[in-house]
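Just below is one structure, and these are the notes that go with it.
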Amino acid sequence: MGLGGAAGSGLRWLVTDSMGEQNAHLSLFIVNIAGSLLLGLLAAHPTRRNSDLSLFLGVGFAGGLTTFSTFAVEVARQLDDGVIAGAALNSVGTAAAALLAAGVGYRLGRASL
């Protein structure tokens, strides 16, 4: 799992670094949604949930890829900067999109069984 976490965190860094500081909100949104989609796919396979590969990909890779703490800090910064509407949109939009992505991943995973 540790190697998966390192790989996921490394990919998150590559995405956020390549998109630059001006797109920090978007890059965090992208990695959080991608991780939610992956976790949805993995959750669709109950017999494989505790397999080494699922743990590597789910707990490790997706856990390292996604980041609730950085997301929370970005929202707090928006609030501190007085960007109330942006913080609200970021909060609600990310949560809704992550839930939708997890649901889509789950449905795709179930369809492939």
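Within region 52-90, which residues are under 11 Å from H25 (Cβ atoms) and hydroxyl-bearing (S, T, Y)?
At the first step, the residues of region 52-90 found to be under 11 Å from H25 (Cβ atoms) are 70-71, 74-75, 77-78, 83, 86-87, 89-90.
Scanning region 52-90 gives a single hit, T70.
Checked against (1) within 14 Å of G35 (Cα to Cα); (2) in contact with a helix residue (DSSP H, G or I) (Cβ under 9 Å, 6 or more places away or on another chain), A95 meets all criteria but (2).
Restricting region 1-34 to residues that are assigned to a helix (DSSP H, G or I), free of Cβ contacts under 8 Å to residues at least 40 places away in the same chain and small (G, A, S), which is nearest to G93 (Cα to Cα)? The selected residue is S27.
The rows are residues; the columns are (1) basic (K, R); (2) at pLDDT below 95; (3) surrounded by 13 or more Cβ atoms within 10 Å (Cβ to Cβ); (4) closer than 15 Å to S36 by Cα.
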| residue | (1), (2), (3), (4) |
| --- | --- |
| F61 | no, no, yes, yes |
| A76 | no, no, no, no |
| L79 | no, no, yes, no |
| V83 | no, no, yes, no |
| A88 | no, no, yes, no |
| A101 | no, no, yes, yes |
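For region 35-67, name all the residues that are assigned to a loop (DSSP other than H, G, I, E, B), in contact with a helix residue (DSSP H, G or I) (Cβ under 9 Å, 6 or more places away or on another chain) and not basic (K, R). If the condition is that a residue be assigned to a loop (DSSP other than H, G, I, E, B), in contact with a helix residue (DSSP H, G or I) (Cβ under 9 Å, 6 or more places away or on another chain) and not basic (K, R), then A44, H45, T66, T67 are the ones that fit.
The values are calculated or read from the model by the stated rules, or taken from the named source; none is laboratory data. These figures come from a predicted structure and were not determined experimentally. Cβ: placed from backbone, ideal geometry, glycine included. Neighbour counts: every protein chain shown.
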